[in-house]
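I have placed the structure first, in the form of structure tokens, so that the comments after it can refer back to it.
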Amino acid sequence: MKNRKHIQEELHELGVDLSVVEMPDMEIPSHFFESFSTLMLEAVKSNDVITSLPIEMPFDIPELYIEQLSDNVRDVIIEEKIMEALPKTMPYEVPAHYFSELPAQVNATINVVPRSVFNRVLISRLTLAATVLLFMGISLRIFMNPVRTKHANTSFESQLAIVSDAEVDQYLLLHQAAIESSLVLVNIDESSIDLQKWEVEMLDNTFNNLSDEELLNYTL
Amino acid sequence: MLKDIVIDLDDKELFELFMDESMKDKAFTMIVKKYQERLYWHIRRFVVHHEDTNDILQNVFVRAWKGLHNFRQEAGLYTWFYRVATNECLTYIANQKKKNALSLSDDEHGLSGRVKAEKGFDFKNIEWRLQLAIQTLPDKQRAVFNLRYYDEMPYEKMSEVLETSVGALKASYHHAAKKVSEFMLKEN
């Protein structure tokens, strides 16, 4: 306080009177000074821990890395300079109007692709269907042939039944030449045929195969 | 006219138009016009010849026509097209290797040979030398280099296109750039 008085006197001598100026009401956290020393001690101790840590790094660095670093950096700079000096323009030529015509070309390709795929599918399916039909046809022909033949004969017989004898004779007369040629009779010389011998042989061959009973039935 | 509309429509709008059956053809033409040049050059850098590029490019768009219905929008059309185009290129190159029973990185018979056979090839020209340098890279590395260097594609997008981690792509690009630089220095 004595010092303060001296300061006030000194200020007074300097023509400055600060005796009325009070300290403003500044708040301090409660128990600040009570715990301050403890906080300070902890801070000092932690600082001690930090300062006692080793400065050396545990990491390995490649051999001669530091020595070669400047050279490597210089290489990178040269490399970058080379890269910067390189052109980005392409030397290749493109056919005239290529880009203006490309969309139409692509559209044409797209329209062709589905059709060709469609055609391939259609052809393969038609081939499969034809094969199945052919197989079924062959199978039917094999298994149904006797019946079909019978039906065909029946049909022929029924049609023949309604034709009169006169019409049959007329048909045979008209088609005699064709029938004879199909039977290969036209090329045979009639004079060369021994009719008498042929008749005897035919009768012998016919009757030899018949039993007595059959012969009796035949004559009756 | 159509070009202006294409510029105005973003991928999402184009996709929605494509899904509308009445607008499908027009939307598809817009999509083709929007992506044809970018994809053309992406493919051509891979396979070099125009004819092969044209075949692959048309395949990509045919696949788009057939498969865009199943497209998941979160991926983005841009990414989808680049992924399909890149895969088509890698498949084409693999098939060519099998067919020829020769490595396509081989100078005389492979992609370098194709570059040299191109019309107007001039070794003194830096553009042509760069193409030769790129053809010496392994297939996947070449894809990374082209996408990053020419298309300036962000690594995140590249990661979606090539289905590889960003870290691996960065490393791959670094290796590729190094090889290209070495080639350019050596051949200078």
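Points worth noting:
- Normalising the average separation of contacting C-alpha pairs (under 8 angstrom, six or more residues apart) by the number of residues puts the relative contact order of the stretch B:1-101 at 28 percent.
- Convex hull of Cα atoms in the stretch B:104-188, direction-averaged projection (nm²): 5.6
- Relative contact order computed over the stretch B:104-188 (Cα-Cα under 8 Å; 6+ residues apart), in percent: 25
- Length-normalised contact order of chain B in % [C-alpha pairs under 8 Å, at least 6 apart]: 17
- In nm, spacing of pseudo-spin labels at B:Lys12 and A:Ile142 (7 Å Cα→C-beta vector): 6.8
- Proximal charge balance of A:Ile77 [Cβ under 12 Å; K/R count +1, D/E count -1]: -3
- Inter-chain Cβ neighbour average for residues B:115-122, partner chain, 10 Å: 2
- Filter on A:Lys81/B:Lys99; A:Lys88/B:Lys124; B:Lys24/B:Lys119 - keep pairs with C-alpha separation over 28 Å: A:Lys81/B:Lys99; B:Lys24/B:Lys119
- Net charge dipole size for the stretch B:1-101 [Lys, Arg +1 and Asp, Glu -1 on Cβ; Debye, nearest 20]: 580
- In chain B, the alpha-carbon atoms span a convex hull of 131 Å³ per residue.
- Selected from B:Ser181, B:Val144, B:Ala133, residue furthest toward positive end of dipole (the stretch B:104-188; charges at beta carbon): B:Ser181
- Take B:54-60, A:37-43 and order them by the average number of nearby Cβ atoms within 10 Å per residue, most first; the result is B:54-60, A:37-43.
- Three principal axis lengths of the stretch B:1-101 [C-alpha, angstrom, descending]: 47, 28, 21
- Loop-located chymotrypsin sites (Phe, Trp or Tyr not before Pro) in the stretch A:34-82 (DSSP state not H, G, I, E or B) with no more than 13 neighbouring Cβ atoms inside 10 Å: A:Phe59.
- Taking the Cα centre of chain B as origin and assigning +1 to Lys and Arg Cβ atoms and -1 to Asp and Glu Cβ atoms, the resulting dipole is close to 600 debye.
- Helix-only CD estimate at 222 nm, as mean residue ellipticity for chain B, using -39500 (n - 2.57) per DSSP H run (n ≥ 4): -24000 deg cm²/dmol
None of the figures in this text is laboratory data; all of them are computed from the coordinates on show. None of the values given here were measured: they were computed from a predicted structure. With ideal geometry, Cβ positions are generated from the backbone for all residues, glycine too; neighbour counts draw on all protein chains shown.
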